[in-house]
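Engineer: First the structure, which I've put down as structure tokens, then a few questions once you've had a look.
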Amino acid sequence: MTVPTDATRATIRRWTLFIGVLQITVGCGIGFIPPDAVPWFRGIVMAHIEFTANGVLMIAFGFLVNEMRLGSGLLKTWFAALQIGTWTNGAAGFAGALMGSSSRLMATINEKFPPPHGLDDGLVTGLLTVCGIGMMVVLLITLYGLLPRK
């Protein structure tokens, strides 16, 4: 296992914090989109909530970087998975809003706010699937990195 230098760890930590704030900013900006600007406004609401919540999550993970005992490769994998997992979540809602479609993975939203162009869009489903896998990778690596060591 190659141990990351302090500079590498500091760079990943700083970028994680910066991108987390950027993601919150994107989520807040999306919140200004008016309901009549897209075919399915509930997707905008989802994107707004997911981008802001995942930005906060990314900031919290950024504060854990110095606590995790991970090699350079695993730390970089963690960072990449964190970016992919958090950004694809809000992107699924934004894509659904623009296309007016959803995914069967969002059953509760679909029940209350049915999209005009269907419930089985491959792009929305794909983004949500990538999000779920990415976030599980992040969580498992984070847990591994936080395990007490002798």
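Engineer: Using only the alpha-carbon atoms of the range 94-150, report the extent along each of the three principal axes, biggest first, to the nearest angstrom.
Structural biologist: Largest to smallest, the principal-axis extents are 57, 20, 14 Å.
Engineer: I want to check the label-to-label distance for Phe113 and Leu140. Put each point 7 Å from Cα in the C-beta direction and report it in nm to one decimal.
Structural biologist: Those two pseudo-labels are separated by 3.2 nm.
Engineer: With the Cα gyration tensor of the chain giving a ≥ b ≥ c as the square roots of its eigenvalues, does the rule (a/c under 1.5 for rounded; else a/b larger than b/c for prolate; else oblate) give rounded, prolate or oblate? The partial results should precede the final answer.
Structural biologist: On the way: a/c = 3.25, a/b = 2.12, b/c = 1.53.
It is prolate, given that a/c is not under 1.5 and a/b is the larger ratio.
Engineer: Here is a further query. Rounded to the nearest 0.05, what FRET efficiency do Thr77 and Ile49 give with R0 = 25 Å and r taken as the Cβ-Cβ distance? Could you check? Walk me through the numbers on the way to the answer.
Structural biologist: On the way: r = 27 Å, r/R0 = 1.09.
The calculated FRET efficiency here is 0.35.
Engineer: Taking a probe of 1.4 Å, how large is the accessible area per residue of the range 33-150, in Å²?
Structural biologist: Per-residue accessible area for the range 33-150 comes out at 50 Å².
Engineer: Taking the mean number of other Cβ atoms within 10 Å as a proxy for protection, how do you rank 127-138, 26-37, 65-76 from highest to lowest?
Structural biologist: Values: 127-138: 18.0, 26-37: 13.7, 65-76: 15.7.
Taking the mean over residues of other Cβ atoms within 10 Å, the ranking is 127-138, 65-76, 26-37.
Engineer: If each DSSP helix of 4+ residues adds -39,500 (n - 2.57) and the sum is divided by the residues in the chain, what number results at 222 nm, nearest 500 deg cm²/dmol?
Structural biologist: -25000 deg cm²/dmol
Engineer: If you don't mind, there's one more thing I want to ask. What is the dipole size for the chain, taken about its Cα centre, with +1 at each Lys and Arg Cβ and -1 at each Asp and Glu Cβ, in debye to the nearest 20?
Structural biologist: 660 debye
Engineer: Taking +1 at the Cβ of each Lys and Arg and -1 at the Cβ of each Asp and Glu, which of Leu64, Gly27, Gly126 sits farthest along the dipole of the chain towards its positive end, judged by Cα position relative to the Cα centre?
Structural biologist: Sorting the options by dipole projection puts first Leu64.
Engineer: Using a 1.4 angstrom probe on heavy atoms only, work out the carbon and sulfur share of the accessible area of the chain in %.
Structural biologist: Solvent-exposed carbon and sulfur of the chain make up 69 percent of the total.
The values are calculated or read from the model by the stated rules, or taken from the named source; none is laboratory data. The structure displayed is predicted, hence computed values, not measured ones. All Cβ positions, glycine included, derive from the backbone under ideal geometry; neighbour counts span all protein chains shown. To get the accessible areas, we keep the full protein, side chains included, count just its heavy atoms, and leave off ligands, DNA and RNA. Shrake-Rupley method; radii C 1.70, N 1.55, O 1.52, S 1.80 Å.
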